[in-house]
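Just below is one structure, and these are the notes that go with it.
Each reported figure results from applying straightforward, stated rules to the coordinates on display, with no laboratory input. In this text the structure is predicted, and so the values were computed from the model without any measurement. Please note: Cβ atoms are built from the backbone with ideal geometry, for glycine as well, and neighbour counts cover all protein chains shown.
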Amino acid sequence: MLLSELRTPCALVDLERLEANAAMMRQRALELGVALRPHVKTHKVPALARLQHGGLRGPVTVSTLAEARAFAADGFADILWALPLPAGREEEALALPRLGLLVDSLEAAARLGAAAEATGSRARVHIKVDCGYGRSGVDPEGELALALAERIHAHPRLELAGLLTHGGHAYSAPNPQAIAAVAEQERAAVVGLADRIEAAGIPRPRTSVGSTPTVMQAAHYRGVDEIRPGNYAFFDAFQASIGSCRPEQVAFSVLCTIVGRYPERDTLVIDAGALALSVDPGARHLDPEPDYGPLHDIAGLVRHPELRLQALSQEHGKIRVVGGLRGDAFPLGSRLRVLPNHSCLAAACHRRYHLLRGDRVIERVEPVRGW
Ligand SMILES: Cc1ncc(COP(=O)(O)O)c(C=O)c1O
């Protein structure tokens, strides 16, 4: 099937680019001397995670139990659920053998221990550490971090499997040097805490760090065992604007159709709105007037810098044509490709992705949905 035959709006994944991004990150992990545990929340498709691991079912990070179940059913054996374990879901999580779980409180650890006792199972527990992002996690230098490690280690049904941090504040860092500094915060947080835990006589847990920007800019990750970038599989306009990738590496786009043409006000309307693109305003700290993603021709090869996607409502996208909408340019019914600012969120809007080789759809895949 050709791009011109698809119903729009629809999600496109360029397999050549995805494979190149995957190979690049495997190489980056080798250079950094760390294992790679991609975060598969970006696409939520086991077949694409296998591509990321060069055909193998290697370690993965998931963001939901639904992903964990689907990846386990596909044969992935080493899965880490990187969300603080929600109260009430302990037994469901323990039903997946050896699923890595995250806690950042004594309360959550106690609940998990009780559920493991009640079900006769063992839990692999990771402590979530805050390296400065301020979203979740314990202070790596605080008393709670050590108390939590001791409590998990002492529990007969809990195994202290690792320390995990995510430098999400790299996304608002002003330049690559500042992103590298966040990577160092990630490293220092987990390595420092692992040292303290070891000094307290507890076996040293594994250390896990990473986001796409920090992994791309880290000077080194000495002492770290694994990285968990996710977005790099697709990359996106945001990553290009902060220097994680070049625009030609972006593997995810949304195909849309021009449904409105208004030369009197130099605007076009496309059939891709917030429910096809998500509403991520882009790197506002770098560009005070970002739009909702660059627009390209149907083949995704030629950028139209004069088209600015400036407003999204549920199913409409409004484009301002800088310099004027002239003659018969961009006729009704013609097609464009949007590179959304945040590919993970935009991909999550779609029930299927069309996998492309060149301009041919060679397969469709259905990502995991729900929680
Ligand atoms: C805990 C955790 N690890 C890893 C990642 C992957 O980071 P990125 O999407 O920048 O690749 C995320 C993304 O949100 C995350 O929340």
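Numbers at a glance
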{"quantity": "Using θ = phi - 60° and Karplus 6.51 cos²θ - 1.76 cosθ + 1.60, couplings along region 215-221 (whole Hz; Gly, Pro as x)", "calculated": "5, 5, 10, 4, 6, 6, 10"}
{"quantity": "Farthest positive-ward along the chain dipole, Cα basis, beta-carbon charges - from 100, 132, 194", "calculated": "100"}
{"quantity": "Residue-averaged [θ]222 nm for the chain, counting only DSSP H segments that reach four residues, each worth -39500 (n - 2.57)", "calculated": "-8500 deg cm²/dmol"}
{"quantity": "DSSP beta bridge pairing in region 108-266, given as percent antiparallel to the nearest 5", "calculated": "0"}
{"quantity": "Rounded to whole Å, sorted largest first: equivalent-ellipsoid semi-axes of region 220-327, Cα gyration tensor", "calculated": "31, 14, 13"}
{"quantity": "Distance from region 321-371 to region 115-154 (C-alpha centre basis), Å", "calculated": "41"}
{"quantity": "Cα gyration tensor shape of region 134-193, rounded if a/c is under 1.5, else prolate or oblate by comparing a/b with b/c", "calculated": "prolate"}
{"quantity": "Point-charge dipole on Cβ atoms (K/R +1, D/E -1) for region 1-59, about Cα centre, debye to 20", "calculated": "340"}
{"quantity": "The chain: most fluctuating residue of 26, 351, 326 per GNM, C-alpha cutoff 10 Å", "calculated": "326"}
{"quantity": "Amide H partners (placed H, <5 Å) of residue 138, local residues excluded", "calculated": "128, 129, 130"}
{"quantity": "Descending principal axes extents, region 158-266, alpha-carbon based, whole Å", "calculated": "74, 32, 22"}
{"quantity": "Relative contact order of region 136-261, defined on C-alpha pairs under 8 angstrom at six or more residues apart (%)", "calculated": "22"}
{"quantity": "Burial ranking of peptide ranges 180-188, 34-42, 17-25 (average Cβ count within 10 Å, highest at the top)", "calculated": "34-42, 180-188, 17-25"}
{"quantity": "Amide proton proximity set for residue 61, modelled H, under 5 Å, gap of 5+", "calculated": "39, 40, 80"}
{"quantity": "Simple label model, 7 Å out from Cα along Cβ direction - residue 2 to residue 360, nm", "calculated": "1.3"}
{"quantity": "Estimated D of region 275-371 in µm² per second, where Rh is the Kirkwood radius over Cα pairs and Stokes-Einstein applies at 4 °C, 1.567 mPa s", "calculated": "86"}
{"quantity": "log10 of Debye I(q)/I(0), alpha-carbon scatterers only, for the chain at 0.08, 0.10, 0.14 Å⁻¹", "calculated": "-0.43, -0.66, -1.13"}
{"quantity": "For residue 358, net neighbour charge (Lys/Arg +1, Asp/Glu -1) across residues whose Cβ lies under 15 Å away", "calculated": "-4"}
{"quantity": "In order through region 139-148: 3J(HN,Hα) via Karplus (6.51 cos²θ - 1.76 cosθ + 1.60), integer Hz, x for Gly, Pro", "calculated": "5, x, 9, x, 5, 4, 4, 6, 4, 5"}
{"quantity": "Most mobile listed residue (254, 209, 302) in the chain, GNM with C-alpha springs under 10 Å", "calculated": "302"}
{"quantity": "Proximal charge balance of residue 44 [Cβ under 14 Å; K/R count +1, D/E count -1]", "calculated": "+3"}
{"quantity": "Separation of alpha-carbon centers, region 213-270 and region 1-63, rounded to whole Å", "calculated": "14"}
{"quantity": "Rg(Cα)/(2.2 N^0.38 Å) for region 316-370, N = residue count", "calculated": "1.52"}
{"quantity": "Cut-off 14 Å, label 7 Å out along Cα→Cβ of residue 16, residues of region 230-259 by amide N", "calculated": "248-251"}
{"quantity": "Distance between modelled label sites at residue 118 and residue 89, nm, 7 Å Cα→Cβ extension", "calculated": "1.7"}
{"quantity": "Radius 14 Å from Cβ of residue 343, net charge of other residues (Lys, Arg +1; Asp, Glu -1)", "calculated": "+1"}
